[in-house]
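K.L.:
My questions will all concern the structure given below.
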Amino acid sequence: MTAIYPGSFDPVTFGHLDIIRRAAGIFDEVVVAVMVNSEKRYLFSDAERADMMTRACEGIANVKIVYFEGLTVDLVRRYSDAVLIKGVRSASDFDYEAMIAEANRASGGVETVFLFASPEYSRLSSLVVREFASQGADVSNWAPDHVCKILRERFQ
Ligand code: ADP
């Protein structure tokens, strides 16, 4: 079975990688879908977000990175045997994701599997990484070295 893991990954953090590694241990294949949304303002371009993710996943054999624009149910439907994967950090993540999961199941017959964030990453978000990096803080506890480097260059 394939697990589709969608997100902005703007940029990828150790929290995302923890979910990807754990999903890779459960499913045959994990497809990380770097979402492209022309209405949304990202810090990093689509290619930058995908490249950072590709490097971060280099050591994990059964992971593939794709871009996707549109509804995630349409991506899941391209696979014969796939579910969505979501990471849950908090009650607010849970409430929001439960609503989306229900809509995806009702409209597309797509199931969502939830993995709880590991405690050390349960307060970590791309937003926190961006905010701290923008003020020159060291974010190496939160994101891989190549991401920290790109953040430093971006905010120089
Ligand atoms: P963020 O919320 O960090 O901006 P994304 O939109 O890229 O991230 O999130 C993609 C998915 O990863 C969502 O399912 C989100 O709940 C999950 N996720 C984000 N950060 C973490 C984390 N620290 N631990 C576990 N899951 C996470």
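Only the coordinates and a few stated rules stand behind these numbers; no lab work does. These numbers come from a predicted model, not from an experiment. Because the Cβ atoms are built from the backbone with ideal geometry, glycine has one as well, and the counts that use them run over all protein chains shown.
K.L.:
Restrict the search to the range 78-156; then list the chymotrypsin sites (Phe, Trp or Tyr not before Pro) that DSSP places in a loop and that have at most 16 other Cβ atoms within 10 Å of their Cβ.
P.N.:
TYR79
K.L.:
Still on this model: As a test of the formula, what do you get for the chain when each DSSP H run with n ≥ 4 contributes -39,500 (n - 2.57) and the sum is divided by the residue count, at 222 nm and rounded to the nearest 500 deg cm²/dmol?
P.N.:
Calculated mean residue ellipticity at 222 nm is -13000 deg cm²/dmol.
K.L.:
Could I ask something else about it? Compute the acute angle (0 to 90°) between the alpha-carbon long axis of helix 14-26 and the principal axis of greatest extent of the alpha-carbon atoms of the chain; round to the nearest 10°.
P.N.:
30 degrees
K.L.:
Related question: Just going by the charge dipole of the chain, with Lys and Arg at +1 and Asp and Glu at -1 on Cβ, which of SER134, SER118, ALA101 is farthest out on the positive end?
P.N.:
Farthest towards the positive pole: SER134.
K.L.:
Provide the three semi-axes, in whole Å and in decreasing order, of the ellipsoid equivalent to the chain as defined by the square roots of 5 times the Cα gyration tensor eigenvalues.
P.N.:
Three semi-axes, in Å: 25, 16, 16.
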